[in-house]
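Submitted below is the structure of interest, expressed as structure tokens.
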2 protein chains.
Amino acid sequence: MPNHWSTSRLAALIQAKQSYLCVGLDNQINDLPPGFPATPQGLMAYSKLVIELTRPYAIAYKFNTAFYEEMGSVGWSILEELVYFAGEEVFRIADAKRGDIGNTAQAYARAFFESMNADAVTVNPYMGRDSIEPFLDYPGKYCIALGITSNPGASDIQKKLMKNGEAVYEYICSLLVEWGSPEQLMLVVGATQSDELARLRKRIPHHFFLVPGVGTQGGNLESVLNFGKNVNEGIIINASRGINFAWKSSELTVEQSIINSAQAYSAHFNPRE
Amino acid sequence: MPNHWSTSRLAALIQAKQSYLCVGLDNQINDLPPGFPATPQGLMAYSKLVIELTRPYAIAYKFNTAFYEEMGSVGWSILEELVYFAGEEVFRIADAKRGDIGNTAQAYARAFFESMNADAVTVNPYMGRDSIEPFLDYPGKYCIALGITSNPGASDIQKKLMKNGEAVYEYICSLLVEWGSPEQLMLVVGATQSDELARLRKRIPHHFFLVPGVGTQGGNLESVLNFGKNVNEGIIINASRGINFAWKSSELTVEQSIINSAQAYSAHFNPRE
């Protein structure tokens, strides 16, 4: 039986865990805490520890494919095992930002939804409709397309104005929500873009937003909570370095630093506050 | 000693082989010719056969990551082995279309330029400058950014007009060639976009164009040759399905169908005709 996700299942999970937290698993071999060897095995062990310790607080896990691909095929094996290890009780996002012509996009959809069995994959919409559609054809799985990203480069293209007066990102988001329903598609909306987040939520009431960029990147949590939520909760807030690297700025044990940081994010994210 | 590419080395290779041909290795397990089992081993064997037989005609090989990722970690191993098998005498392009925030883009650059040892990687520029820059920092290797793509979806966003009257793709290309010199950056320009190809070549005289979309996708070879070349040759023309699937529409042996199709593309591409 396939693991079927929906906006209502996500909302129920958020309410049950009292948390919007998605934990990003972006560890690197050369940046593991003391006690974990700088090897693929060390990375696997630390990543599994982060997953185990954050389970009470996380509704989702996000796996950034770049940090596995840089280890080659060994890295891809670790990625597969971690997605499996996270399990079907949480929403597992392959943060891959793929985008290509139709027949290639189909192969990417098979890669992430069938071979890897992720529940969602992030996608770059710049190549247009045929680059998105193959990801919409999997009931119970989600295509998460770039809305507006959290990085400085978002100003280079995404925020520039089109002839009709809209910003490029606004125009693309309006296409995306025509192509995919709230049960097929979500949008990536960077936490650092609080004005744009608010504008998008007004125009797009029903789709979930995946919000990266809190913590290290400087996104404002309060704005995300004030402007991002919708009647179905509607937001998944990602923290990566803020949790994986919490040991670097803590006097506590590695384990306790993970727990405390996840708990702190989760408390901030409390939907009943 | 690293394998160092430059526009002049590429031009010399094009002139020596009398060919602009890049062979795309986009095979799939379930679409191999008779005699090749529908397994990863069968795919590896057929892909190596295509590489061996096309060596006299190909200046470059392009590996579409999607068709390897759909096999999971086994596929990534095959991809690594095929890039190695193609060897340092040809220009090896990882067609990955990656694009992400700065620290993630750095990890992708390490994945393709260091771990996989490809000579070039295709990149999606939609996330802006910090998503491109890490790929420019490898002397002798190339960042190949999307200029205008060959697919129908190119009309959805890339060809739309900006407030300043330029199309989105023109604006992005003008940024890209400011960010990366002809020794760092190339542009993907779809063969199906002949008007846009001609416009881009007028504005961007010195950068190489990687041109996919001839053959199955319907791109016009004559236009590409007439409008794409520059004083340093300046074009790499990719054919994938037209060569890998030539056996499907041929009475010849599989081997001869590969050779004939590569030779035919190469003859068309003859720089001295």
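Specify the residue that is nearest to the other protein chains (Cβ to nearest Cβ); the eligible residues are those in the range B:127-162 that are open to solvent by less than 10 Å² (accessible area, probe 1.4 Å) and assigned to a loop (DSSP other than H, G, I, E, B).
Of everything passing the filter in the range B:127-162, B:Gly128 is nearest to the other protein chains (Cβ to nearest Cβ).
Additional query: Where residues in the range B:22-56 are in a loop (DSSP other than H, G, I, E, B), out of contact with any strand residue (DSSP E or B) (no Cβ under 8 Å at 6 or more places or on another chain) and open to solvent by less than 40 Å² (accessible area, probe 1.4 Å), which of them is farthest from B:Met71 (Cα to Cα)?
B:Pro33
Same structure, new question: Right, B:Ser19: crowded, with 18+ Cβ neighbours inside 10 Å and touching a residue at least 60 places away in the same chain (Cβ under 8 Å) or not?
Yes.
Give the range A:221-236 a look and list any residue that's under 21 Å from A:Asp26 (Cα atoms) and modelled with pLDDT under 95, or say none.
Result: A:Leu221, single match.
Does at least one position in the range A:57-65 carry a residue that is out of contact with any strand residue (DSSP E or B) (no Cβ under 6 Å at 6 or more places or on another chain) and free of Cβ contacts under 8 Å to residues at least 60 places away in the same chain?
No - not one qualifying residue is present in the range A:57-65.
Look at the range A:86-136 and say how many of its residues are within 22 Å of B:Val168 (Cα to Cα) and among the basic types (Lys, Arg).
Within the range A:86-136, residues that are within 22 Å of B:Val168 (Cα to Cα) and among the basic types (Lys, Arg) number 3.
Just the residues that are out of contact with any Pro (no Cβ under 7 Å at 6 or more places or on another chain) and open to solvent by 10 Å² or more (accessible area, probe 1.4 Å), please, taken from the range A:63-72.
Answer for the range A:63-72, where residues must be out of contact with any Pro (no Cβ under 7 Å at 6 or more places or on another chain) and open to solvent by 10 Å² or more (accessible area, probe 1.4 Å): just A:Glu70.
Looking only at the range A:79-88, filter to residues that are open to solvent by 10 Å² or more (accessible area, probe 1.4 Å) and free of Cβ contacts under 8 Å to residues at least 40 places away in the same chain; which one of those is farthest from the other protein chains (Cβ to nearest Cβ)?
A:Gly87
Quick one: what pairs do we get from the range A:93-112, first residue at pLDDT 95 or above and open to solvent by 10 Å² or more (accessible area, probe 1.4 Å), second of a type in the set (A, V, I, L, M, F, W, C) and outside any helix (DSSP H, G or I), C-beta under 8 Å, 6+ apart or different chains?
Matching pairs, first to second residue: A:Lys97/A:Val123; A:Lys97/A:Leu146.
Something else: Does B:Glu133 satisfy the condition of being within 18 Å of B:Ala198 (Cβ to Cβ) and among the acidic types (Asp, Glu)?
No: the conditions fail for B:Glu133.
Still on this structure: Considering the range A:113-134 alone, what residues qualify as being charged (D, E, K, R) and in contact (Cβ under 8 Å) with a residue 60 or more places away in the chain?
A:Asp119
The values are calculated or read from the model by the stated rules, or taken from the named source; none is laboratory data. Computed from a prediction, not measured in an experiment: that's the story for all the values here. Methodologically, a virtual Cβ is constructed for each residue, glycine included, from the backbone with ideal geometry; neighbour enumeration extends over all protein chains shown. Protein only, heavy atoms only, side chains kept; ligands, DNA and RNA dropped before computing areas. Shrake-Rupley method; radii C 1.70, N 1.55, O 1.52, S 1.80 Å.
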